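Written out below as structure tokens is the structure these notes cover.
The values are calculated or read from the model by the stated rules, or taken from the named source; none is laboratory data. From a predicted model like this one, the values you see are computed outputs, not experimental measurements. FYI the Cβ positions are ideal-geometry reconstructions off the backbone, even for glycines, and counts take in every protein chain you see.
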Amino acid sequence: MTSMLKNLSIQIETCTNCPLHTVRKNYVPDKIPISPKIIILNFIPCPQESWEGKSFVGSNAEIIKNIIIGLGFTDKLNIDDDIAYLHLIKCPSVVGYEDYPSYFTECYFYIKEQLEQLKSKHIIVLGKETLRYLMGQVNYSNAEKAVFEFPSDKDFNKAVNKIVPVKLIDYDGNIYKTTIYSTCLPEEKEFVHDFAKILEHIYG
């Protein structure tokens, strides 16, 4: 992690710009290796991340790890060294603290700086809500490629070369007849399909 990213992490940990800092159980630092191949961008820390004070834990994280291992991507993608896992809104929320637009406004500087510093080729956005908050406007050249276009901040285009929104991937499902898919919960199967197809697109 660069000194600028370390300083940014300190700023996030000590941030008091919105009410979420008053209700969080623990600070949840983003998972940022030295030179990640991909960035996974989630909306907000989950309850388990909040409880442990650690990023990339919980059900989504475990599914992602199992997909990478179960479908044989570990030779191309090291879970510890090659994946950055960031949150769009940095502090966990609780019931009664759900003013996400204002929270995102306060967190926008942090995520913008992180993406610009990391310069990863691929960003995988988990969920339409994350994509909707992140983008001021998105132009898709096809179903598997998008470019950042912030009307108020055109320089953000330089942050990444490619962004892969999970819900815009077309798949046939043929490669997912695996233990991972057969044992996951029904509500998790679409996520498994989408995420595995993204990895196949990038590394297949």
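Quick check on the stretch 52-63: of everything there that is at positive phi and surrounded by 17 or more Cβ atoms within 10 Å (Cβ to Cβ), which residue is modelled with the lowest pLDDT? So that I can check it myself, show each step before the final result.
The first filter runs over the stretch 52-63 and keeps only residues at positive phi, leaving 53, 56, 58.
Next, from what is left, pick out any that are surrounded by 17 or more Cβ atoms within 10 Å (Cβ to Cβ): 56, 58.
Values: Phe56: 94, Gly58: 86.
My answer is Gly58.
So that you can scan it fast, the table gives a plain yes or no per residue for (1) among the aromatic types (Phe, Trp, Tyr); (2) touching a helix residue (DSSP H, G or I) at 6+ places or on another chain (Cβ under 6 Å); (3) free of Cβ contacts under 8 Å to residues at least 12 places away in the same chain:
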{"residue": "Glu62", "(1), (2), (3)": "no, no, yes"}
{"residue": "Asp75", "(1), (2), (3)": "no, no, yes"}
{"residue": "Ile79", "(1), (2), (3)": "no, yes, no"}
{"residue": "Ile111", "(1), (2), (3)": "no, no, no"}
{"residue": "Lys119", "(1), (2), (3)": "no, no, no"}
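Within the stretch 17-35, the set of residues being in contact with a Phe, Trp or Tyr (Cβ under 8 Å, 6 or more places away or on another chain) and outside any loop (DSSP other than H, G, I, E, B) comprises Pro19, Leu20, Lys31. Here Asn78 clears all of (1) surrounded by fewer than 17 Cβ atoms within 10 Å (Cβ to Cβ); (2) within 21 Å of Glu200 (Cβ to Cβ); (3) at pLDDT below 90 except the condition numbered (3). Residue by residue through the stretch 90-106, note down the ones that are small (Gly, Ala, Ser) and either in contact with a Pro (Cβ under 6 Å, 6 or more places away or on another chain) or modelled with pLDDT of 85 or more (or both). Ser93, Ser102 - these are the residues of the stretch 90-106 that are small (Gly, Ala, Ser) and either in contact with a Pro (Cβ under 6 Å, 6 or more places away or on another chain) or modelled with pLDDT of 85 or more (or both). Of the residues making up the stretch 5-16, those that are loosely packed, with under 14 Cβ neighbours inside 10 Å and either touching a helix residue (DSSP H, G or I) at 6+ places or on another chain (Cβ under 6 Å) or among the charged types (D, E, K, R) (or both) number 2. Checking each residue in the stretch 64-75 for being crowded, with 19+ Cβ neighbours inside 10 Å and either over 19 Å from Ser120 (Cβ atoms) or at pLDDT 85 or above (or both) picks out Ile64, Ile68, Leu71, Phe73. Filtered by the rule that a residue be β-branched (Val, Ile, Thr) and in a helix (DSSP H, G or I), the stretch 1-16 gives Ile10, Ile12.
Could you run through the stretch 36-58 and say how many residues are free of Cβ contacts under 8 Å to residues at least 40 places away in the same chain and assigned to a helix (DSSP H, G or I)? Before you say what the answer is, go through the steps one by one.
Initial filter on the stretch 36-58 (free of Cβ contacts under 8 Å to residues at least 40 places away in the same chain): 48, 51-58.
Adding the requirement that they be assigned to a helix (DSSP H, G or I) leaves 48, 51-52.
The number of residues fulfilling the criteria is 3.
Please go through the stretch 81-105 and pick out each residue that is over 19 Å from Gln48 (Cα atoms), surrounded by fewer than 21 Cβ atoms within 10 Å (Cβ to Cβ) and not charged (D, E, K, R). Within the stretch 81-105, Tyr100, Pro101, Ser102, Phe104, Thr105 meet the criteria.
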